[in-house]
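Peer 1: If you scroll down you'll find the structure; I have some questions about it.
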Amino acid sequence: MLLDPNHYDPAHLDDETRRLLRATVDWFEARGKRQLIADAQDKVWYTEFLDFVKREKLFATFCTPASVDGTKRWDAARNAAFSEVLGFYGLQYWYAWQVTVLGLGPIWMSGNEEAKQKAAALLDSGAIFAFGLSEKEHGADVYSTDMIVTKTETGYKANGSKYYIGNGNVAGMVSVFGKLGDSDEYVFFAVDSQHENFKLIKNVVDSQMFVSEFRLEDYPLTDADILHRGPDAFSAALNTVNVGKFNLCTASIGICEHSFYEAITHAHNRILYGNPVTNFPHVRQNFVDAYARLTAMKLFADRSVDYFRSANENDRRYLLFNPITKMKVTSEGEHVIDLLWDVIAAKGFEKDTYFTRATADIRALPKLEGTVHVNLALVLKFMPNYLFNPKAYDEVPTRHDATDDDFFWHQGPARGLGKIQFHDWEPIYTEHAHLPNVALFHEQAKAIKTLLTTAAPDEKQQQDLDFLLNLGHLFTLVVYGQLVLEQAKITGTDAAVLDQIFDVLVRDFAGYATALHGKASSTEAQQQWAVGQIRKPHVDQARFDAVWEQVAALSGRYEMRP
Ligand SMILES: Cc1cc2nc3c(=O)[nH]c(=O)nc-3n(C[C@H](O)[C@H](O)[C@H](O)COP(=O)(O)OP(=O)(O)OC[C@H]3O[C@@H](n4cnc5c(N)ncnc54)[C@H](O)[C@@H]3O)c2cc1C
């Protein structure tokens, strides 16, 4: 189930992609763990990694759409695999790639052919990119941008600052979001981080990656630098994040996988009071829960890729699944690391482990590209249609085909989310009703419909985001379970593992129901409903032991080359 560098071969992808992914794994393994950790500790800018990227034309191959260069393609299935590999070796390497993806978004979405050709040539020459959306004073409130573009005799000039902008130290092109001074319209434009009017102020974080603060001082622009104006510029920002935020889940998965190997190998070989630590029942429970959660993360992420790649203007279901990959899968990643860390305890602080870096890195992913709250608020918009108004669609197949994802650059205005319909979520649950915990969870999931029809949030609660976000967590679990089941069916996931996943989900649902019960504004009827959702998962020692055996078999399976 876990990515294993000793036997890594993503057989579902084409030969050249496999070679490149394998070469990436080999590059990290040849470099070795000591160097990886020393570079992170010394905050060394990753020139050698970027040299490798340039030599293999990695970012150029993975990040150029076919419409710009017919010899290349943008393929979210292989990008997901690449993202997982980079996360497996370190968030900082992943981040250099991730902000390149984001920086390219507004360029590939634009009608500016000159900028596109320039970006493609820069990618080919090994350049990396940056995405300048955030500002120090405004956080998620991107509407309030203070980056102002004004007209000059020869074109325009830009003035303003950006904050938290990855790769701002070297990016070949930085896509910058701002406003036109005269009309107040939004604008996206491209600048060069090496231009003299681009003032690099500092690295905001204490890390190997460079998360910059920069200021544009009378930065000269021409029409050739303008990517989008007006509502298009705003849509380009959101649509870029729709593409970029998908990679956060696979990074989280990679981080959890590497950490899992270190944790199980340590715990299973540590003898306390004459027995392995893993003989403790609570330790086994932590490992089995972590394994179930990590498997679910992978199943959900894999299935979401299919919907993302199959999206078109008539099928925008990915707009629900993507924020869940971003918000739920990455939050689950934090959960996995917490479970493992509770077991390995002091070991997780040791400076020569991957784990100790993972404990901090895993926290970043739920917070980047929209916080958990922002994504939950987005998810809520889909809830009525998802639960009550399904629509028939053709079955979305597994999408590992070596084709270009052109729709990503033509997503259209980011409107009408509440109108998007989904295929019926219940049949896949019914199909798996033979698994006792799936059946239990299905009952809980159906109960959300009861809640919304018999004790729906009143007018005041509709304004209470704290209450609503809790409801968002409950709803998210239903969608999460649906795609987990769909992917489990496609891949023939082991029934014991699948039932163990739903053992976790039943408990999680009960947990969020309890939280709803405790919310200041919950009504008597809502409290009664919540209490009714506290269900005990189906206990089956043989199933638990079977999953535990899979976990124990991972002990000693992989250790990064020294
Ligand atoms: C390491 C790192 C790298 C980054 N890289 C980049 C980059 O390359 N480019 C870039 O543009 N940005 C980047 N960012 C910025 C990142 O996207 C922001 O951190 C994020 O958008 C949230 O902004 P904030 O952290 O300032 O939180 P704030 O916006 O200040 O939010 C404060 C609180 O309010 C809540 N909140 C805000 N709005 C809402 C809402 N509408 N509904 C519900 N709750 C809400 C939030 O959840 C949060 O709890 C990076 C950040 C970090 C830490």
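The values are calculated or read from the model by the stated rules, or taken from the named source; none is laboratory data. Since this is a predicted model, take the numbers as computed values, not measurements. Ideal geometry is used to build each Cβ from the backbone, glycine not excepted, and the neighbour counts take in all protein chains shown. The protein model used for the area step is the full one, side chains on, heavy atoms only, and it has no ligands, DNA or RNA in it. Shrake-Rupley method; radii C 1.70, N 1.55, O 1.52, S 1.80 Å.
Peer 1: Could you state, as a whole-number percent, how many of the C-alpha pairs of the range 130-229 are farther apart than 20 Å?
Peer 2: Beyond 20 Å sits 29 percent of the P(r) for the range 130-229.
Peer 1: Excluding same-chain residues fewer than 8 positions from K162, which lysines have a Cα within less than 25 Å of its Cα?
Peer 2: K43, K116, K118, K136, K151, K179, K199, K202, K245, K326, K367
Peer 1: Send over the semi-axes of the range 74-114's equivalent ellipsoid, whole angstrom and largest first, taken as the square roots of 5 times the C-alpha gyration tensor eigenvalues.
Peer 2: Semi-axes, largest first: 24, 12, 5 Å.
Peer 1: Leaving out ligands, DNA and RNA, what percent of the accessible area of the chain is carbon and sulfur, probe 1.4 Å?
Peer 2: Taking all protein chains in place, the chain shows 51 percent carbon and sulfur surface.
Peer 1: Follow-up. Distance in nm between label sites at A224 and A140, each 7 Å beyond Cα in the beta-carbon direction?
Peer 2: 4.0
Peer 1: In the range 126-232, if the dipole is taken from +1 on Lys/Arg beta carbons and -1 on Asp/Glu beta carbons about the Cα centre, which of L227, Y164, T152 is farthest to the positive end?
Peer 2: So the residue we want is Y164.
Peer 1: Using only the Cα atoms of the range 442-562, what do you get for the radius of gyration and for Dmax, in Å?
Peer 2: Over the range 442-562's Cα set, Rg and Dmax evaluate to 18.2, 60 Å.
Peer 1: Can you list the residues, at least 5 places off or on another chain, whose amide H is less than 5 Å from the amide H of R399, using H built in the peptide plane?
Peer 2: Residues meeting the criterion, in which the H sits 1.01 Å from N, are D306.
Peer 1: How big is D for the range 304-365, in µm² s⁻¹ as a whole number, if Stokes-Einstein is applied with the Kirkwood radius of its Cα pairs at 20 °C and 1.002 mPa s?
Peer 2: The estimated diffusion coefficient comes to 158 µm²/s.
Peer 1: Looking only at Cα atoms, what is the convex hull volume of the range 184-304 per residue, in Å³?
Peer 2: Residue-normalised Cα hull volume stands at 176 Å³.
Peer 1: Right, something else. With n ≥ 4 as the cut-off for DSSP H runs, can you work out [θ] at 222 nm for the chain, using -39500 (n - 2.57) per run divided by the number of residues, rounded to the nearest 500?
Peer 2: -17500 deg cm²/dmol
Peer 1: Could I ask something else about it? Would you list H442, H7 from the most to the least accessible area, probe 1.4 Å?
Peer 2: H7, H442
Peer 1: Let me ask something additional. For E29 and E426, what does the FRET efficiency come to when R0 = 45 Å and r is the distance between their Cβ atoms, rounded to the nearest 0.05?
Peer 2: 0.50
Peer 1: Between T150 and H195, how many nm apart are label points set 7 Å from Cα along the C-beta direction?
Peer 2: Going from the T150 label point to the H195 one covers 1.7 nm.
Peer 1: I'd like the orientation of helix 330-344 relative to the chain: the angle between its Cα long axis and the longest Cα principal axis, in ° from 0 to 90, rounded to 10.
Peer 2: 60
Peer 1: Let me ask something additional. How big is the Kirkwood radius of the range 375-441, worked out from every pair of different alpha carbons and given in Å to one decimal?
Peer 2: Radius from the Kirkwood sum: 15.0 Å.
Peer 1: ³J(HN,Hα) across the range 205-210 via Karplus (A = 6.51, B = -1.76, C = 1.60, θ = phi - 60°), whole Hz, x for Gly/Pro?
Peer 2: Ordered by residue, 3J(HN,Hα) equals 10, 9, 7, 5, 7, 10 Hz.
Peer 1: Multiplying the sequence separation of R415 and H12 by 0.36 nm and subtracting their Cα-Cα distance, what value in nm do you get?
Peer 2: So the chain would gain 141.6 nm between R415 and H12.
Peer 1: Separate question: Can you compute the radius of gyration and Dmax for the range 1-89, using only the Cα atoms, both in Å?
Peer 2: 13.9, 42
Peer 1: For K202, enumerate residues with amide H under 5 Å from its amide H, sequence gap 5+ or separate chain, H modeled in the peptide plane.
Peer 2: Long-range HN contacts for K202: E213.
Peer 1: Here's another thing I want to ask about it. Take the Cα of L465, step 7 Å along the line toward its Cβ, and report every residue of the range 128-142 whose backbone nitrogen sits under 13 Å from that point.
Peer 2: 139-142
Peer 1: What does the accessible area per residue of the range 415-562 come to in Å², with a 1.4 Å probe and no ligands, DNA or RNA counted?
Peer 2: 43
Peer 1: Just to check, using Stokes-Einstein with a Kirkwood Rh over alpha carbon pairs, what's the diffusion coefficient of the chain at 25 °C and 0.890 mPa s in µm²/s?
Peer 2: The diffusion coefficient I find is 100 µm²/s.
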